[in-house]
Amino acid sequence: MARYYSEKLGAHGVTPQGVDWNSEDSQQLRFSQLLLVMQEEPREPLVLDYGCGYGALARRLIAAGAPFRYVGFDVCTPMVARARADVRDPRCSFTDRESELPVADYTVASGIFNVRLQASSEQWRAHVVKTIDALARHSSRGFAFNMLTRYADARKLRDYLYYADPGEYFKLCKQSWSRNVALLHHYDLYEFTILVKLGSEPKALLHP
Ligand SMILES: C[S@@+](CC[C@H](N)C(=O)[O-])C[C@H]1O[C@@H](n2cnc3c(N)ncnc32)[C@H](O)[C@@H]1O
């Protein structure tokens, strides 16, 4: 995985194509969905960007101007080196070591489940479930991630990519992590985003 993304960075540099996205618009649209998990956050949240690439989300948070702190994590060391060199804001730090990660208020992960290379769907599914567990364990208030959808146009499917069943992962998050889960599948990409809010219960609207 690290080699795959390292080659993308080498070929395309610090651009959306350098993290295997086809445009900045789609990269930013994904961030807009993921950041909904921390909407209405009143204070200065600590955000963990799991699979941060060259730090595009950190740049977006800086540009947005709201208070935040940010840790970017990526398995691809050259990505982390690039992010460290380019994003020089004292509120942001980057690492390639999972053992160094804090428990954040919110964890977001954009694009970490898409490329399965030679892993079978079953092997990749097990990896995804384990990684969603890690996202949850590193978060106190919520986490969010996106995946390619199995409702994609059949002509566009690629055999080295993983197309997930949105209902399966919605159910997993509901059953394992929270009663407050949103599935967003409405934003014109062949993808979906799942938002999981932790530590709050839905309020009953009707008397028992
Ligand atoms: C599609 S790129 C997106 C990068 C960034 N999130 C963005 O949207 O600009 C996915 C990134 O996740 C990293 N990655 C993939 N699986 C990971 C994992 N299990 N843990 C940490 N990083 C991972 C890759 O090295 C790559 O840099």
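Tabulated data
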item	result
Kyte-Doolittle at least -1.0, axis length at least 18 Å by Cα - qualifying DSSP helices, the chain	121-137
Efficiency of FRET between SER200 and SER23 - r from beta-carbon atoms, R0 35 angstrom, step 0.05	0.50
Gyration tensor (alpha-carbon) shape descriptor, the stretch 26-96, a/c threshold 1.5	prolate
Rel. contact order, % - alpha carbon contacts under 8 angstrom, at least six apart, the stretch 1-150	25 percent
Sparsely packed GluC sites (Glu not before Pro) within the stretch 1-65, loop by DSSP, other Cβ within 10 Å at most 12	GLU40
Qualifying trypsin sites (Lys or Arg not before Pro) for the stretch 119-208 [loop in DSSP, other Cβ within 10 Å: at most 13]	ARG158, ARG179, LYS203
Given charges at beta-carbon only (K, R positive; D, E negative), |dipole| of the stretch 102-201 in Debye	100 debye
Stretch gain in nm, segment ARG91-LEU157, where the contour uses 0.36 nm per residue and the Cα spacing is subtracted	19.8 nm
Rg ratio (alpha-carbon, reference 2.2 N^0.38 Å) - the stretch 71-208	1.17
Relative compactness, the stretch 156-204, computed as alpha-carbon Rg over 2.2 N^0.38 Å	1.37
Segment SER6-ARG137, length gained on full extension (0.36 nm per residue, minus Cα span)	44.4 nm
Pairs of Lys in the chain closer than 26 Å at Cα, counting only those 8 or more apart or on different chains	9
Kirkwood hydrodynamic radius of the stretch 81-160, from inverse mean 1/r over distinct Cα pairs, in Å	15.0 Å
In the stretch 46-112, trypsin sites (Lys or Arg not before Pro) in a DSSP loop with at most 10 other beta-carbon atoms within 10 Å	ARG88, ARG97
Fully extended contour minus Cα-Cα distance, from ARG43 to ALA63, at 0.36 nm per residue	5.4 nm
PHE68, PHE94 arranged by Cβ crowding within 10 Å, fewest neighbours leading	PHE68, PHE94
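Here, each number is a calculation from the coordinates, and none is a lab measurement. The structure displayed is predicted, hence computed values, not measured ones. Note that we place each Cβ from the backbone using ideal geometry, even for glycine, and neighbour counts take in every protein chain shown.
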